[in-house]
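Trainee: Pasting in a structure now, in C-alpha coordinates, and then I'll have a few things to ask.
The values are calculated or read from the model by the stated rules, or taken from the named source; none is laboratory data. Predicted, not measured: the structure shown is a model, and the values here were computed from it. Here Cβ is always computed from backbone atoms with ideal geometry, including for glycine, and neighbour counts include all displayed protein chains. Only protein heavy atoms, including side chains, enter the accessible area calculation; ligands, DNA and RNA are left aside. Shrake-Rupley method; radii C 1.70, N 1.55, O 1.52, S 1.80 Å.
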Amino acid sequence: MIKLRTEEEISLLRENAQMVSKTLAEVGRHIAPGITTKELDVIAEKYIRGMGAEPGFLGYGGFPYTLCISVNDTVVHGFPSDYKLKEGDIVSVDCGTRYRGYYGDSAYTFAVGRISEEDRALLEATKTSLYRGIGKAVPGGRVGDIGDAVQSYVESLGYSVVRELVGHGIGANMHESPEVPNYGRKGHGVKLREGMVICIEPMVNAGVKDVYLADNGWGVLTADGRKSAHFELTVAIRRPVPEVLSTFEYIEKNQQ
Ligand code: MG
Ligand code: MG
(Lines give C-alpha, C1' and ligand atoms only; values in the text may rest on other atoms or scores of the structure.)
(Ligands and ions follow the chains in the order given, each with its own letter.)
Protein backbone atom coordinates (compact mmCIF):
# COMPACT_ATOMS: atom_id res chain seq x y z
CA MET A 1 0.00 0.00 0.00
CA ILE A 2 1.30 3.46 -0.89
CA LYS A 3 0.56 6.11 1.69
CA LEU A 4 -0.32 9.69 0.87
CA ARG A 5 1.01 12.01 3.53
CA THR A 6 -0.82 14.74 5.41
CA GLU A 7 0.79 18.17 5.80
CA GLU A 8 1.70 17.24 9.37
CA GLU A 9 3.44 14.05 8.24
CA ILE A 10 5.29 15.92 5.50
CA SER A 11 6.54 18.42 8.03
CA LEU A 12 7.83 15.61 10.29
CA LEU A 13 9.54 14.04 7.29
CA ARG A 14 10.96 17.47 6.40
CA GLU A 15 12.39 17.85 9.92
CA ASN A 16 14.06 14.45 9.63
CA ALA A 17 15.33 15.21 6.13
CA GLN A 18 16.87 18.47 7.37
CA MET A 19 18.56 16.72 10.29
CA VAL A 20 20.06 14.13 7.94
CA SER A 21 21.23 16.89 5.60
CA LYS A 22 22.95 18.74 8.45
CA THR A 23 24.54 15.53 9.72
CA LEU A 24 25.98 14.81 6.28
CA ALA A 25 27.45 18.32 6.23
CA GLU A 26 28.97 17.77 9.68
CA VAL A 27 30.52 14.49 8.50
CA GLY A 28 31.71 16.20 5.32
CA ARG A 29 33.58 18.86 7.33
CA HIS A 30 35.71 16.07 8.83
CA ILE A 31 36.40 14.13 5.64
CA ALA A 32 40.11 14.37 4.90
CA PRO A 33 43.04 12.03 4.36
CA GLY A 34 43.90 10.21 7.60
CA ILE A 35 40.50 10.06 9.32
CA THR A 36 39.02 6.60 9.78
CA THR A 37 35.51 5.85 8.64
CA LYS A 38 34.71 4.69 12.20
CA GLU A 39 35.62 8.16 13.48
CA LEU A 40 33.15 9.64 11.01
CA ASP A 41 30.48 7.27 12.33
CA VAL A 42 31.05 8.46 15.91
CA ILE A 43 30.81 12.11 14.79
CA ALA A 44 27.49 11.41 13.07
CA GLU A 45 25.97 9.53 15.99
CA LYS A 46 26.87 12.31 18.47
CA TYR A 47 25.54 14.96 16.13
CA ILE A 48 22.22 13.17 15.55
CA ARG A 49 21.68 12.55 19.26
CA GLY A 50 22.62 16.17 19.96
CA MET A 51 19.60 17.23 17.88
CA GLY A 52 17.34 14.97 19.97
CA ALA A 53 16.95 12.38 17.21
CA GLU A 54 18.13 8.78 16.90
CA PRO A 55 20.33 7.25 14.23
CA GLY A 56 17.85 5.70 11.79
CA PHE A 57 20.15 2.95 10.54
CA LEU A 58 21.59 1.75 13.88
CA GLY A 59 19.95 -1.62 14.52
CA TYR A 60 17.81 -1.36 11.38
CA GLY A 61 17.62 -4.92 10.04
CA GLY A 62 20.60 -5.58 12.32
CA PHE A 63 22.83 -2.89 10.76
CA PRO A 64 25.41 -2.14 13.48
CA TYR A 65 26.37 1.51 12.75
CA THR A 66 24.95 5.00 12.36
CA LEU A 67 26.29 5.51 8.84
CA CYS A 68 26.81 3.38 5.78
CA ILE A 69 30.26 4.43 4.56
CA SER A 70 31.20 3.05 1.16
CA VAL A 71 34.67 3.79 -0.20
CA ASN A 72 35.63 3.61 -3.91
CA ASP A 73 34.38 0.27 -5.32
CA THR A 74 31.91 -0.23 -2.46
CA VAL A 75 28.54 0.86 -3.83
CA VAL A 76 26.50 1.01 -0.61
CA HIS A 77 26.08 -0.44 2.90
CA GLY A 78 29.78 -0.32 3.77
CA PHE A 79 30.61 -0.74 7.46
CA PRO A 80 32.55 2.05 9.16
CA SER A 81 35.97 0.63 9.96
CA ASP A 82 39.57 1.41 10.89
CA TYR A 83 40.30 2.19 7.24
CA LYS A 84 41.97 5.60 6.98
CA LEU A 85 40.67 7.67 4.10
CA LYS A 86 43.38 8.68 1.67
CA GLU A 87 43.84 11.37 -0.94
CA GLY A 88 42.01 10.42 -4.14
CA ASP A 89 39.37 8.20 -2.52
CA ILE A 90 35.71 8.81 -3.08
CA VAL A 91 33.50 8.05 -0.09
CA SER A 92 29.72 7.62 -0.11
CA VAL A 93 28.04 8.44 3.17
CA ASP A 94 24.45 7.33 3.66
CA CYS A 95 22.70 8.62 6.78
CA GLY A 96 19.34 8.05 8.44
CA THR A 97 17.52 9.62 11.36
CA ARG A 98 14.45 8.74 13.36
CA TYR A 99 12.61 11.53 15.09
CA ARG A 100 9.05 11.75 16.39
CA GLY A 101 8.13 8.45 14.75
CA TYR A 102 9.36 9.29 11.23
CA TYR A 103 12.52 8.70 9.24
CA GLY A 104 15.06 10.70 7.26
CA ASP A 105 17.40 9.16 4.66
CA SER A 106 19.93 10.83 2.34
CA ALA A 107 23.35 10.14 0.89
CA TYR A 108 26.26 12.04 -0.64
CA THR A 109 29.52 10.96 -2.22
CA PHE A 110 32.48 13.07 -1.10
CA ALA A 111 35.91 13.54 -2.62
CA VAL A 112 38.84 12.93 -0.25
CA GLY A 113 41.37 15.67 -1.00
CA ARG A 114 42.16 15.94 -4.69
CA ILE A 115 40.52 13.30 -6.88
CA SER A 116 41.02 12.43 -10.54
CA GLU A 117 39.06 14.17 -13.30
CA GLU A 118 37.53 10.81 -14.11
CA ASP A 119 36.18 10.37 -10.58
CA ARG A 120 35.01 13.97 -10.43
CA ALA A 121 32.98 13.36 -13.59
CA LEU A 122 31.38 10.23 -12.07
CA LEU A 123 30.26 12.22 -9.01
CA GLU A 124 28.85 15.05 -11.13
CA ALA A 125 26.99 12.65 -13.41
CA THR A 126 25.45 10.73 -10.52
CA LYS A 127 24.29 13.90 -8.80
CA THR A 128 22.90 15.31 -12.04
CA SER A 129 21.02 12.05 -12.68
CA LEU A 130 19.39 12.40 -9.26
CA TYR A 131 18.12 15.89 -10.14
CA ARG A 132 16.88 14.59 -13.49
CA GLY A 133 14.93 11.92 -11.62
CA ILE A 134 13.51 14.47 -9.21
CA GLY A 135 12.27 16.49 -12.18
CA LYS A 136 10.03 13.54 -13.09
CA ALA A 137 8.61 13.15 -9.57
CA VAL A 138 5.35 14.89 -10.43
CA PRO A 139 1.69 13.96 -9.86
CA GLY A 140 0.38 11.83 -12.74
CA GLY A 141 3.87 10.66 -13.71
CA ARG A 142 5.09 7.12 -13.24
CA VAL A 143 7.90 5.58 -11.24
CA GLY A 144 9.33 4.41 -14.57
CA ASP A 145 9.69 8.03 -15.69
CA ILE A 146 12.11 8.60 -12.81
CA GLY A 147 14.09 5.44 -13.57
CA ASP A 148 14.24 6.26 -17.26
CA ALA A 149 15.48 9.81 -16.58
CA VAL A 150 18.30 8.52 -14.34
CA GLN A 151 19.27 5.58 -16.53
CA SER A 152 19.20 7.30 -19.90
CA TYR A 153 21.36 10.16 -18.60
CA VAL A 154 24.05 8.04 -16.96
CA GLU A 155 24.19 5.48 -19.74
CA SER A 156 24.59 8.26 -22.32
CA LEU A 157 27.84 9.10 -20.50
CA GLY A 158 29.06 5.49 -20.54
CA TYR A 159 28.28 4.68 -16.90
CA SER A 160 25.97 1.98 -15.58
CA VAL A 161 23.14 1.81 -13.07
CA VAL A 162 22.98 -0.75 -10.26
CA ARG A 163 19.84 -2.89 -10.48
CA GLU A 164 19.93 -4.75 -7.16
CA LEU A 165 19.20 -1.72 -4.98
CA VAL A 166 16.50 0.87 -5.47
CA GLY A 167 14.94 4.00 -3.99
CA HIS A 168 11.79 3.76 -1.91
CA GLY A 169 8.90 5.41 -0.15
CA ILE A 170 9.66 6.75 3.33
CA GLY A 171 7.49 7.52 6.34
CA ALA A 172 7.06 5.83 9.72
CA ASN A 173 9.27 3.13 8.21
CA MET A 174 12.54 3.75 6.45
CA HIS A 175 11.60 1.65 3.46
CA GLU A 176 8.02 1.78 2.25
CA SER A 177 6.25 1.30 -1.06
CA PRO A 178 6.76 2.07 -3.84
CA GLU A 179 10.17 0.85 -4.93
CA VAL A 180 11.89 3.51 -7.04
CA PRO A 181 14.41 1.83 -9.36
CA ASN A 182 17.12 3.85 -11.07
CA TYR A 183 16.24 2.22 -14.36
CA GLY A 184 12.93 1.77 -16.10
CA ARG A 185 10.66 2.68 -18.92
CA LYS A 186 8.80 5.92 -19.40
CA GLY A 187 5.07 5.59 -18.73
CA HIS A 188 5.48 2.35 -16.77
CA GLY A 189 5.24 1.48 -13.10
CA VAL A 190 3.34 2.92 -10.16
CA LYS A 191 1.50 6.18 -10.78
CA LEU A 192 2.86 9.09 -8.74
CA ARG A 193 0.34 10.99 -6.66
CA GLU A 194 0.41 14.19 -4.67
CA GLY A 195 1.39 13.43 -1.06
CA MET A 196 3.70 10.52 -1.80
CA VAL A 197 7.15 10.91 -0.24
CA ILE A 198 9.99 8.97 -1.83
CA CYS A 199 13.76 8.66 -1.68
CA ILE A 200 15.45 8.80 -5.07
CA GLU A 201 18.97 7.41 -4.89
CA PRO A 202 20.96 6.62 -8.02
CA MET A 203 23.90 4.26 -7.53
CA VAL A 204 26.11 4.69 -10.57
CA ASN A 205 29.13 2.57 -11.50
CA ALA A 206 32.04 3.80 -13.59
CA GLY A 207 32.26 0.34 -15.20
CA VAL A 208 29.86 -2.60 -15.35
CA LYS A 209 26.53 -2.61 -13.55
CA ASP A 210 27.17 -5.92 -11.78
CA VAL A 211 27.80 -6.06 -8.05
CA TYR A 212 28.53 -8.67 -5.39
CA LEU A 213 27.94 -8.97 -1.67
CA ALA A 214 30.85 -8.63 0.78
CA ASP A 215 31.67 -11.46 3.18
CA ASN A 216 30.04 -9.54 6.04
CA GLY A 217 26.69 -9.89 4.25
CA TRP A 218 26.19 -6.11 3.97
CA GLY A 219 28.66 -4.32 1.74
CA VAL A 220 27.80 -4.20 -1.95
CA LEU A 221 30.81 -3.91 -4.27
CA THR A 222 31.31 -3.45 -8.00
CA ALA A 223 32.13 -6.69 -9.82
CA ASP A 224 34.94 -5.07 -11.82
CA GLY A 225 36.46 -3.18 -8.89
CA ARG A 226 35.85 0.21 -10.49
CA LYS A 227 34.39 3.09 -8.50
CA SER A 228 30.75 3.78 -7.72
CA ALA A 229 28.87 6.89 -6.55
CA HIS A 230 25.61 7.32 -4.65
CA PHE A 231 23.49 10.42 -4.08
CA GLU A 232 20.09 10.38 -2.37
CA LEU A 233 17.45 12.97 -1.58
CA THR A 234 13.96 12.73 -0.07
CA VAL A 235 11.23 14.18 -2.24
CA ALA A 236 7.57 15.01 -1.57
CA ILE A 237 5.43 14.80 -4.67
CA ARG A 238 3.46 18.04 -4.79
CA ARG A 239 1.96 20.52 -7.21
CA PRO A 240 3.19 22.30 -9.21
CA VAL A 241 6.71 21.03 -8.52
CA PRO A 242 8.23 18.38 -6.22
CA GLU A 243 9.42 19.60 -2.83
CA VAL A 244 12.88 18.28 -2.08
CA LEU A 245 12.81 17.77 1.69
CA SER A 246 16.51 17.07 2.18
CA THR A 247 19.29 19.16 0.68
CA PHE A 248 22.98 19.18 -0.23
CA GLU A 249 23.14 22.91 0.43
CA TYR A 250 24.75 22.56 3.88
CA ILE A 251 27.40 20.22 2.48
CA GLU A 252 28.22 22.33 -0.53
CA LYS A 253 28.35 25.58 1.42
CA ASN A 254 31.30 24.06 3.33
CA GLN A 255 33.04 23.09 0.09
CA GLN A 256 33.21 26.63 -1.33
MG1 MG B 1 19.99 6.11 2.23
MG1 MG C 1 17.28 5.20 0.91
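Trainee: What residue among 69, 6, 205 has its Cα farthest toward the positive end of the dipole of the chain, where the charges are +1 on Lys, Arg and -1 on Asp, Glu, each on the Cβ?
Mentor: 6
Trainee: Run the dipole for the range 7-255 about the Cα centre, Lys and Arg Cβ at +1, Asp and Glu Cβ at -1, nothing else charged, and hand back the magnitude in debye, nearest 20.
Mentor: 440
Trainee: Follow-up. Which residues does the label zone of residue 100 cover in the range 29-66, counting backbone N under 16 Å from a point 7 Å along Cα→Cβ?
Mentor: 51-54
Trainee: Which residues does a label at residue 212 reach in the range 63-92, if reach means a backbone N under 20 Å from a point 7 Å past the Cα toward the Cβ?
Mentor: 70-79
Trainee: For the chain, taking Cα atoms only, what is the radius of gyration to one decimal and the Dmax to the nearest whole Å?
Mentor: So, for the chain, Rg and Dmax equal 16.8, 48 Å respectively.
Trainee: Counting only residues 5 or more places away or on other chains, whose amide H sits under 5 Å from the amide H of residue 106 once H atoms are built in the peptide plane?
Mentor: Placed amide hydrogens put 95 under 5 Å from residue 106.
Trainee: Right, another one. Got a sec to turn the phi values of the range 101-108 into Karplus ³J(HN,Hα) couplings, 6.51 cos²θ - 1.76 cosθ + 1.60 with θ = phi - 60°, whole Hz, x for Gly and Pro?
Mentor: Rounded to whole hertz, the list is x, 10, 10, x, 7, 8, 9, 8.
Trainee: In whole Å, what are the extents of the range 89-197 along the principal axes defined by its C-alpha atoms, from largest to smallest?
Mentor: So the extents along the principal axes, rounded to whole Å, are 41, 36, 22.
Trainee: Which one of 33, 240, 139 has the biggest mean-square fluctuation once the chain is modelled by GNM with Cα springs under 10 Å?
Mentor: Its mean-square fluctuation being the largest, the pick is 240.
Trainee: Under a 1.4 Å probe, what is the accessible area of the chain per residue, stated in Å²?
Mentor: Ligands and nucleic acids excluded, the result is 42 Å² per residue.
Trainee: Sticking with the crude label model, points 7 Å out along Cα→Cβ, report the distance from residue 51 to residue 156 in nm, one decimal please.
Mentor: Result for the modelled spin labels: 3.4 nm.
Trainee: By the gyration tensor of its Cα atoms, with a ≥ b ≥ c the square roots of the eigenvalues, what is the shape of the range 133-248: rounded for a/c under 1.5, prolate for a/b over b/c, or oblate? Please report the intermediate quantities before stating the final value.
Mentor: Working: a/c = 2.14, a/b = 1.56, b/c = 1.38.
Because a/c hits 1.5 or more and a/b exceeds b/c, the range 133-248 counts as prolate.
Trainee: What part of the accessible area of the range 7-255, given as a whole %, is carbon or sulfur when the probe is 1.4 angstrom?
Mentor: Working: 4830 of 10180 Å².
About 47 percent, which is the carbon plus sulfur part of the accessible surface.
Trainee: Calculate the radius of gyration of the Cα atoms of the range 34-83 to one decimal place, then report Dmax, the largest Cα-Cα distance, as a whole number, both in Å.
Mentor: So, for the range 34-83, Rg and Dmax equal 11.0, 34 Å respectively.
Trainee: Which of 22/46; 38/86; 38/84; 84/227; 22/227 have a Cα-Cα distance over 20 Å? Working shown, then result.
Mentor: Values: 22/46 13 Å; 38/86 14 Å; 38/84 9 Å; 84/227 17 Å; 22/227 26 Å.
In this structure, 22/227 exceed 20 Å between Cα atoms.
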